[in-house]
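Presented below is the structure to which this report refers.
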Amino acid sequence: MISSNDDSRKKQFYLFECKHRYKVNLYNENWSIVNGKVDEALKERFPDSEICGRFIIHPGENDWQTHISGKEVAVVNQDDYLYKYYNFNELKNSFQNR
């Protein structure tokens, strides 16, 4: 997890999960960053917080997936996409415009 503050001092979180698999399917596993437990814990500790992006780091191709809960996740390997974590929507656009 990486956290930061915006100008209003709202706590912002970027969530990361690592998997050692080439294929990633959000529907098949109990991913901690999309199952709601992380969200609940952060909201309890930081009521005004915002989750700005969810990432799964793995060795395969970059992808953008939506979990059954509706939460969007950037699936990235350790390449130049990872540095863009701070602008989740820009990263989404780069995936969709490939």
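The values are calculated or read from the model by the stated rules, or taken from the named source; none is laboratory data. Here the structure is a predicted model, which is why all the values come from computation and not from measurement. Cβ: placed from backbone, ideal geometry, glycine included. Neighbour counts: every protein chain shown. Note: areas computed on protein heavy atoms with side chains; ligands, DNA, RNA excluded. Shrake-Rupley method; radii C 1.70, N 1.55, O 1.52, S 1.80 Å.
Taking the stretch 55-73 as the search range and keeping residues that are in contact (Cβ under 8 Å) with a residue 40 or more places away in the chain and under 13 Å from the mean Cα position of the chain (by Cα), which one is most open to solvent (accessible area, probe 1.4 Å)?
Taking the stretch 55-73 and keeping what is in contact (Cβ under 8 Å) with a residue 40 or more places away in the chain, we get 55-58, 65-68, 73.
Still in the list and also under 13 Å from the mean Cα position of the chain (by Cα): 55-58, 65-67, 73.
Working: PHE55: 1, ILE56: 0, ILE57: 24, HIS58: 11, GLN65: 29, THR66: 61, HIS67: 26, VAL73: 0 Å².
Restricting to residues being in contact (Cβ under 8 Å) with a residue 40 or more places away in the chain and under 13 Å from the mean Cα position of the chain (by Cα), the top hit is THR66.
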Identify, please: which residue in the stretch 13-33 is of a type in the set (Ser, Thr, Tyr) and farther than 15 Å from ASP63 by Cα and is, among those, most open to solvent (accessible area, probe 1.4 Å)? SER32
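Results for (1) at pLDDT below 80; (2) in a loop (DSSP other than H, G, I, E, B); (3) open to solvent by 60 Å² or more (accessible area, probe 1.4 Å), shown as yes or no for each residue.
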residue	(1), (2), (3)
ASN35	no, yes, no
GLU44	no, no, yes
ASP48	no, yes, yes
VAL75	no, no, no
By residue number, the members of the stretch 50-73 that are closer than 13 Å to TYR14 by Cβ and either outside any strand (DSSP E or B) or aromatic (Phe, Trp, Tyr) (or both) are PHE55
Starting from residues that are open to solvent by 60 Å² or more (accessible area, probe 1.4 Å) and among the hydroxyl-bearing types (Ser, Thr, Tyr), keep the ones in the stretch 77-98 and report whichever is farthest from the chain's Cα centre (by Cα). TYR83
Filtered residues of the stretch 78-98 (kept if touching a strand residue (DSSP E or B) at 6+ places or on another chain (Cβ under 7 Å) and part of a loop (DSSP other than H, G, I, E, B)): GLN78
